[in-house]
Structure formats: structure tokens, C-alpha cells
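Accompanying notes for the structure given below.
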Amino acid sequence: MIKSVCWNLTSECNLNCQYCFRELNEEAQNFENNLVVLNNLKEMGVERITFSGGEPYLYPKILELIKEAHDMGFKCYIVSNGSLLNADNVRDCLRYIDKISFSCDSTKAYINDHIGRGADSYEHVKELIPEIRKYYGPDRLMIDINTVVTSTLLNDLKEVDVMFKKINSELSMYGISNWKIIRFYPLRGYAKENKDLYWIDDNIFARIKEYFESVESFVNVDVRDIEDMDNDYIVSPCGILKQSYKGSEMVIKSLRGGANRVQ
Ligand code: SF4
């Protein structure tokens, strides 16, 4: 039985990371169709949904959809670049969320600018987290940081060490549940097109893994290699349930027109 899915609600994003693996050619469904998807996930026995994208807060009725999911008994997680959240809206945007994961691939402004995330993206997340904690403590809302390792980002131990120290000194006091260090995965989209530019060698990734196994951290660090991402269940923006396996995706079925409709 499938217990958790990652639902890529929209392929739209306000940022433009060239190693991004969001779906590029699928349109988001309207709210009513997504309610059908929700019902089908419930019937299948799914317990947890991670809303993702693209940038999920760009989906027009994201707050209504999350509330529906919450009221139906799903645990609701969300992955966001954080750019649309601020001190004024964060309380409402996270009201029914159990965990938010911020994408944060570098702590350096010039690198974030270069990769298309915006120079102030790390500083923005750093300022946002204490605002979140004003309303939602660590027992109510988990906060994770997701960092993608590519051949151009965090590719040597000196860079890893700088980022590690910054995250530990600047964010750990706010109760970060997990810092996920994720190996670049050319599953689809730009990531697949630009695989040769961003692919990170086994040896380099193994050294990064060893580094994290050898340091003491205030934040729990979870290093994820390609095989750790195999067998994840994904719902695409147009409502197709898929499973990742060895760098590709297998279509399981459509969730738009009835639980048993096979695509
Ligand atoms: S990696 Fe995340 S923030 Fe960057 S373009 Fe893709 S969805 Fe947007």
C-alpha cells in the first residue's frame, strides 16, 4: 500500500534553477479536478501528501486544497523555495501544514544569484524561520532544509564545510528537523536536459557523505543518494501517479477519473 506521495501540483516556478527536475510540459489541474485526486489518494490509503511543484504556493487555490487535505485526515508537508512567504502571510500559509522544507542550495549570495535563485534567497529563508516560530513551535511544525549537490554546487569539501557551519550557527537554534543533502537527480525536465553539466561523480559524492558522517551537527543531516530516491511515489500536475525507479518514472495510473482508471 502507498502511504505517502509527493504531489507536484504545478510546473510553474518564479525561479529558474537549471538543474531543476520539475515537469515542464504539464498544466496544473483546476481545483475541482484536484479534489478528485485527493479523494482517490484517500481511497488508496495514502496518509501523507508532500505538496511540491514547481513552486506550490503559485497554485491559485493552494491554501484551500491543503485545508481540504488536512480535513480529510492527511498529514500535509510542503516543499517551497520560500520566496512567496513573508512575515505577514506565513501564519495563514502554514496553518494546516505539518512540515515545510525550504529549498536552499547555497548560503552565498553570488552563487544563489548565479544559479537563478536570487541573491537574497538564503537570507530570506533565514529571516522567515524565526517568523514561523512565532506561531508554530517545533512540536507543531517541522522545518527542513533541502540542498541539492551538483557538480557546480557544493562540489568540494571546503564549500560543504562553509555551508555546514553557517546552517549550524544560523538556523539550528530554530529547531530544524532535518537538513537533507540530496544528490543531483536527472529524473526529468531541465535536470535531464542538463545532466552532463550537473552530474556529480560517485567519488565526490562519497567524500561529501563521509564528511557528514564524521562531523557533529546540531541539525540532523540526511544524505540522500540516487537509490534513496528510487521508489518514491509522485503525482504529476495533471494528476498521474508515477513511481521513480533507476532514473526514470513508471506511470501507475491516472487519479483524475476514478481510482482504478489506468492511464
Ligand atoms: S529547483 Fe525549485 S526553486 Fe528552482 S526552479 Fe525548480 S522548483 Fe523552482
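Being touching a residue at least 24 places away in the same chain (Cβ under 8 Å) and of a type in the set (K, R), is that true of even one residue in region 112-131? Within region 112-131, one or more residues are touching a residue at least 24 places away in the same chain (Cβ under 8 Å) and of a type in the set (K, R).
Within region 11-39, residues that are under 16 Å from G189 (Cα atoms) and of a type in the set (S, T, Y) reach partners that are surrounded by 15 or more Cβ atoms within 10 Å (Cβ to Cβ) and modelled with pLDDT of 95 or more with beta carbons closer than 6 Å, at six or more positions or on different chains, in the pairs S11/P237. Where helices (runs of 4 or more DSSP H) fall wholly inside region 94-202, the ranges with 2 or more residues that are surrounded by 21 or more Cβ atoms within 10 Å (Cβ to Cβ) and of a type in the set (S, T, Y) are 121-135.
For region 62-118, the tally of residues that are in contact with a Lys or Arg (Cβ under 9 Å, 6 or more places away or on another chain), at pLDDT 95 or above, over 18 Å from G137 (Cβ atoms) and hydroxyl-bearing (S, T, Y) stands at 1. Reported count of residues in region 19-59, each being part of a loop (DSSP other than H, G, I, E, B), within 19 Å of S244 (Cα to Cα) and within 16 Å of the ligand (Cβ to nearest atom), is 10.
Residue-wise test of (1) more than 18 Å from R256 (Cβ to Cβ); (2) surrounded by fewer than 18 Cβ atoms within 10 Å (Cβ to Cβ).
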residue: N14; (1), (2): yes, yes
residue: L24; (1), (2): yes, yes
residue: E32; (1), (2): no, yes
residue: V37; (1), (2): no, no
residue: V46; (1), (2): no, no
residue: T50; (1), (2): yes, no
residue: P56; (1), (2): yes, no
residue: K61; (1), (2): no, yes
residue: L65; (1), (2): no, no
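Tell me, yes or no, whether region 230-237 has at least one residue that is assigned to a loop (DSSP other than H, G, I, E, B), acidic (D, E) and under 18 Å from the mean Cα position of the chain (by Cα). Yes: one or more hits.
Once region 107-134 is narrowed to residues that are away from the ligand (no atom under 12 Å from the Cβ) and among the hydroxyl-bearing types (S, T, Y), the residue that is nearest to S52 (Cα to Cα) is Y122. On the given criteria, is K192 among the basic types (K, R) and closer than 28 Å to L9 by Cβ? Spelling it out, K192 is indeed among the basic types (K, R) and closer than 28 Å to L9 by Cβ.
Only one of the listed residues (Y185, Y135) is among the aromatic types (F, W, Y) and more than 16 Å from the chain's Cα centre (by Cα). That residue is Y135. Within region 1-21, the only residue that satisfies the criterion of being under 12 Å from S52 (Cα atoms) and at pLDDT below 90 is F21. The residues of region 1-18 that are out of contact with any helix residue (DSSP H, G or I) (no Cβ under 7 Å at 6 or more places or on another chain) and more than 16 Å from the ligand (Cβ to nearest atom), listed by number, are M1, K3, S4.
I62: more than 15 Å from the chain's Cα centre (by Cα), of a type in the set (A, V, I, L, M, F, W, C), more than 27 Å from G247 (Cα to Cα) and within 16 Å of the ligand (Cβ to nearest atom), yes or no? Here the answer is yes, as I62 does meet what is asked. Filtering region 81-93 to residues that are in a loop (DSSP other than H, G, I, E, B), aliphatic (A, V, I, L, M) and more than 15 Å from G118 (Cα to Cα) leaves only A87.
Selection of region 67-80 for residues being in a loop (DSSP other than H, G, I, E, B) and surrounded by 16 or more Cβ atoms within 10 Å (Cβ to Cβ) yields only F74.
The values are calculated or read from the model by the stated rules, or taken from the named source; none is laboratory data. Predicted model only: the values in this text are computed from it and were never measured. Don't worry about glycine lacking a Cβ; one is built from the backbone with ideal geometry, like all the others, and counts go over all protein chains shown.
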